[in-house]
Amino acid sequence: MKRLVLLSAMLMVVLAVRAQSFIENAQINGSFQTDAQVYMEDDGIGITSESIDGKKFAVNGFGKVAYAYGNFSAGIRFEAFQPPLNGFREELKGAGLANFYASHDNGFIGITVGDFYDQFGNGLIFRTYEEWSLGMDNSLRGVRTVFRPIDGVILKGVYGRQRYYWAPYRDRDMTISDERGLVRGVDGEWDINQSIQSLNDAKFRVSIGGSFVSKQQEDQSMFYYIPKNVGSFAGRINLGYGRFTFSTEYAYKINDPSAINNYIYKEGQALLASLSYSQKGLGIVLQVKRIDNMSFKSMYTAQENDLDINFIPPINYTHTHSLPSMYTYSTQPNGEMGAQFQINYTIPKGTPLGGKYGTKLALNFSQVNDIIRDSINDNGMMVLNMPGTDGYKSSFFEASGHKFYRDINFEIDKKINKSWHVNAQYINLFYDMATIEGHVGMPDVEANIVALEATYKINTKNSLRLELQGLWEKINKNSDVDESEKKDYLKRGDWAFALLEYTFASRWFVSVADKYNYGNPFSEYRDHYYTGSIGFVKDATRVTLSAGRQSEGVVCVGGVCRVVPASSGFTLTVSTSF
C-alpha cells in the first residue's frame, strides 16, 4: 500500500512538471475582430426601412487561438454573426465554434485532424481557405496527412467534408449519403534541385508536381443522372534559370453536371502559365490562363461561392483605390481566357529622373475574354449548352471576341524628399457588367480613371495625406431605361472622390471623404457618399469608428466577390492579435 501511495505521488509530481512545461514552453497566439454597423434610414440615397429589411444593427465577429508545443499544435475559432452585416449571406446568421483542429508534425510526417486549409499547386482542383471580408470559408473537416520521405519530396493526402455555413456535419459514418459530397485528394511535389545534392546550387532549377481530387456525392436529382464520383487531376512544372522563371499547370475534370454549368456533361479543363524576369530595379511578368467549365463544388446544387473545392486564380491587377475597385473582376468558372503583362521599373537614385530616392514606375495590361462555344449534335439536333447534353465544343487555343474585362494602367510612385511622397495612377477600364454582375442588358463600362495621392510628413509623429480620384465613363446620360431597371445604374456615370487624412501622435488618425456620383445617367442617383472616420492604432490593435454613407459596390478578394449594398449609418471595427 505504501509503495502504491509513493508511486502515485511520484506520478503526480511528474505530471505536474510536464503540465507546467506544457504551458511555460508553449507558444500561444491568436486574433480577434469585431465589425459592427448601425443602419439608419436615409431618403437622400433611397435607404428605407424596407430596403434594409428593418435591420437596425448587425455584428460580425470572430476570435481564434492557436497553441503550439514542440511538434504538436492545436487551435479553435469562434464566430458570431448576430445578424450578418448587409452584403453577407443570411445563412451565416448564428454563433458557435466554427473551426477546431489538432496536428502533430515531426518533419517526416504530419497529421491534422479537424478543420484544415490547404492547396494543391495553384489551386486549380483543390484549395480550401478562409476570407473574413467575404464571409468565405470552405475548410475541410476530416484528416490531412503530409509525408516527406526524402529532401525535396512532399506527399499530401486529404479527406473530409467542407464547411457549409452552420449546417451540421455527420457525426459518425462519413460514407453515407449527405447533401455535401465527400472530398478526397492526393498531391505530390518533387523539388529536384533539393533532392540531388550535386544540383543544390545549380543555376537551372526544376520542380514537378501532380494532384488527384475526387468528390463522392449521391445522385438526388429527379431530372438528370448525376455521377456519384467526379474525379479531377492536375500536373505542374516550375523551371528557373538565373533571373528567369517559368511555371505552368494544367487541370482536367470529368463530366460534372451542376447548377453552375446548367447541368451539362462536358469535361472541364484549365491551363495557367507564367513567365517572369527579375533583376535589381526591374521586374517583368507575363501570365496567361484558359478556363473551360471548371466549377468544382462538393454539392452539385450549390450556387455562388458555396462549397468550392477548387480556386480559379485571377491574373488581373488588384486595385486599392475607391473608384476603380467599384469594377473589380470576378473570375468566370464556366469559361474565360485571359492574359496579364506587367513591368515594374525603378529609375536609379542619383539620375535626373530618379532624384535622391529613385522613382518607381509600373505598367500593367490585363484582359479577359470569353471562350468560343460551338453547337453540338445531340440526337440529330444542333444544340448549344442545353441541359442534359455535352453542352458545346470549344477550341482550346481560340478566344471569343466577347470581352469580359480589360485594364490598362500606369503608375508613378515618388518620394520627393523627407517630407513629401506622391503617387499617381492612370487607368483605362473596360467592364462587362451584364456578365460579371448579372445585370442582363446593361451596357458595358468604358471608363478613364485618375488617382492622385500625396503624403506630407510634418514630423516623426504627425502626417497629412490627400487623395483625389476621378472616373469618367462613356455612357448616354439621357438613357431611356425602364423604371424597374433603373437601380442597376446606381453606380454608373462620372464620379469624383476626395479624402483628407490626418495622423497625429503616431497612433491616432482622423479622416473625411466624399464620393460623388455627379455624372449618373439619372439625376435622382447623383448623390454624395460622405464619410468621417476616427481611429487608433497601437502595435497589433486597431480601432476605427466611421459614420456616413456607403455606395453600392462589389468587394473582391482573389477574383471571389460579394455585393455590398448601399447603406447609411455608423461602423465600428476593432481588431487585435497577440
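So here's what we get for this one:
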| quantity | calculated |
| --- | --- |
| Any hit, the range 387-408, residues being part of a strand (DSSP E or B), surrounded by 14 or more Cβ atoms within 10 Å (Cβ to Cβ) and among the aromatic types (Phe, Trp, Tyr) | yes |
| Residue that is of a type outside the set (D, E, K, R), open to solvent by less than 30 Å² (accessible area, probe 1.4 Å) and assigned to a strand (DSSP E or B), where the choices are Leu452, Leu471, Leu466, Leu500 | Leu471 |
| Residue list for the range 380-394, restricted to those being closer than 24 Å to Leu271 by Cβ and in contact with a strand residue (DSSP E or B) (Cβ under 8 Å, 6 or more places away or on another chain) | Leu384, Asp390, Gly391, Tyr392, Lys393, Ser394 |
| Selection from the range 199-240 of residues that are closer than 25 Å to Thr301 by Cβ and open to solvent by 80 Å² or more (accessible area, probe 1.4 Å) | Phe212, Gln220, Met222, Phe223, Tyr225, Lys228, Phe233 |
| Filter pass, Ala36 being at pLDDT 95 or above, of a type outside the set (Val, Ile, Thr) and open to solvent by less than 40 Å² (accessible area, probe 1.4 Å) | yes |
| Residue satisfying condition, being at pLDDT 80 or above, of a type in the set (A, V, I, L, M) and open to solvent by less than 60 Å² (accessible area, probe 1.4 Å), within set Ile45, Ile52 | Ile45 |
| Candidate set: the range 260-280, residues that are outside any strand (DSSP E or B) and open to solvent by 30 Å² or more (accessible area, probe 1.4 Å); chosen: the one nearest to Ser330 (Cα to Cα) | Ile260 |
| From Ile52, Ile76, residue being within 27 Å of Leu490 (Cα to Cα), over 21 Å from the mean Cα position of the chain (by Cα) and among the hydrophobic types (A, V, I, L, M, F, W, C) | Ile52 |
| Test: residue in the range 427-439 that is over 27 Å from Gly44 (Cα atoms), open to solvent by less than 50 Å² (accessible area, probe 1.4 Å) and aromatic (Phe, Trp, Tyr) | yes |
| Hits in the range 281-300 (condition: open to solvent by less than 20 Å² (accessible area, probe 1.4 Å) and assigned to a loop (DSSP other than H, G, I, E, B)) | Asn293, Met294, Ser295, Phe296, Ser298, Met299, Tyr300 |
| Every residue from the range 241-259 that is open to solvent by less than 40 Å² (accessible area, probe 1.4 Å) and either assigned to a loop (DSSP other than H, G, I, E, B) or at positive phi (or both) | Asp256, Pro257, Ser258, Ala259 |
| Subset of the range 351-386 [crowded, with 16+ Cβ neighbours inside 10 Å and of a type in the set (Val, Ile, Thr)] | Thr359, Val368, Ile371, Ile372, Ile376, Val383 |
| Unique match (being in contact (Cβ under 8 Å) with a residue 60 or more places away in the chain, closer than 30 Å to Gly569 by Cβ and small (Gly, Ala, Ser)) among Gly54, Gly63, Gly135, Gly123 | Gly135 |
| Count of the range 314-346 residues which are free of Cβ contacts under 8 Å to residues at least 60 places away in the same chain and either open to solvent by 30 Å² or more (accessible area, probe 1.4 Å) or in a loop (DSSP other than H, G, I, E, B) (or both) | 6 |
| Flag for Lys414 being within 25 Å of Ala362 (Cα to Cα), in contact with a Lys or Arg (Cβ under 8 Å, 6 or more places away or on another chain) and surrounded by fewer than 17 Cβ atoms within 10 Å (Cβ to Cβ) | no |
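Okay, residues lined up against (1) of a type in the set (Asp, Glu); (2) assigned by TED's automatic domain parsing to the domain that holds Lys289; (3) under 30 Å from Tyr241 (Cα atoms):
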position: Ile109; (1), (2), (3): no, no, no
position: Glu131; (1), (2), (3): yes, yes, no
position: Phe147; (1), (2), (3): no, yes, yes
position: Trp190; (1), (2), (3): no, yes, yes
position: Asp201; (1), (2), (3): yes, yes, yes
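The values are calculated or read from the model by the stated rules, or taken from the named source; none is laboratory data. For clarity, every value in this text was computed on a predicted model and none was experimentally measured. Note: ideal-geometry Cβ built from the backbone for every residue, glycine included; neighbour counts use all protein chains shown. Calculation scope for accessible area: heavy atoms of the full protein, side chains included, ligands and nucleic acids excluded. Shrake-Rupley method; radii C 1.70, N 1.55, O 1.52, S 1.80 Å.
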